[in-house]
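S.K.: Please see the structure below; I have some questions.
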Amino acid sequence: RVDMTGRKLLSKTGAVAYLEGFIEGVTARKQAEEALRETIGRYELAIKGTTDGIWHWNIATGEDFHSPRYRELLGYAADELPDTEDGFEAIVHPDDLPRVNAAQQAHLLRHEPYNIELRLRTKHGDYRWFISRGQAEWDPAGRPLRMSGSITDITERKQAEAALQASEAKFSQAFVASTYAIII
């Protein structure tokens, strides 16, 4: 493939005196553009096809990206959830924020896996449980550039665990009471 660009130069009488221009080979550029379109298409399809919420954090600018599913899991419309680091911290349960920050720092500074259970506030004000997993990318000097990951809603699992613990506690109390009654 080639792109041709040219113009005609006119004489003093207005007649075409000569043409000048250049021809540029664009095959490599067109192939790169097509490969980029294909990569973007795969990425968009993967985001649409997952039940997880996808996030991306540009560490240098502090900007966040939240996939439509991420926002849906929390009940927010596209323009209702700030795309900033502060916006994320504002929806993390206050009791969980120190653990979240510590896990992020451990990942960014020591390359420890980022995999944490946390509570996020929904648009309606209640908190739901999520597992958040992520992976950073570092520059050659070891400075973190960006981090991407996902959230998976585990609220039902956490509720089942709490119900099981409550049931075990009741059984344990009943067992102790019945054992005490037998001893007397």
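The values are calculated or read from the model by the stated rules, or taken from the named source; none is laboratory data. Fair warning: this is a prediction, and the values are worked out from it, not measured in the lab. Cβ sites come from the backbone with ideal geometry, for glycine too, and all protein chains shown count toward neighbours. What goes into the accessible areas is simple: the full protein's heavy atoms, side chains included, and nothing from ligands, DNA or RNA. Shrake-Rupley method; radii C 1.70, N 1.55, O 1.52, S 1.80 Å.
S.K.: Given the conditions (1) at pLDDT below 90; (2) open to solvent by 80 Å² or more (accessible area, probe 1.4 Å), which single one is not true for GLY21?
M.R.: (2)
S.K.: Are there any pairs, at least 6 apart or on different chains, whose C-beta atoms fall under 9 Å, with the first in region 112-130 and open to solvent by less than 60 Å² (accessible area, probe 1.4 Å) and hydroxyl-bearing (Ser, Thr, Tyr) and the second part of a strand (DSSP E or B) and at pLDDT 95 or above, and if so, which?
M.R.: Here the result reads TYR114/SER132; TYR114/ARG133; TYR114/GLY134; TYR114/GLN135; TYR114/ALA136; TYR114/MET147; TYR114/GLY149; THR122/ARG128, each pair linking region 112-130 to a residue that is part of a strand (DSSP E or B) and at pLDDT 95 or above.
S.K.: Give the residues of region 143-184 that are modelled with pLDDT of 95 or more and loosely packed, with under 10 Cβ neighbours inside 10 Å, sorted by residue number.
M.R.: The answer is none; no residue qualifies.
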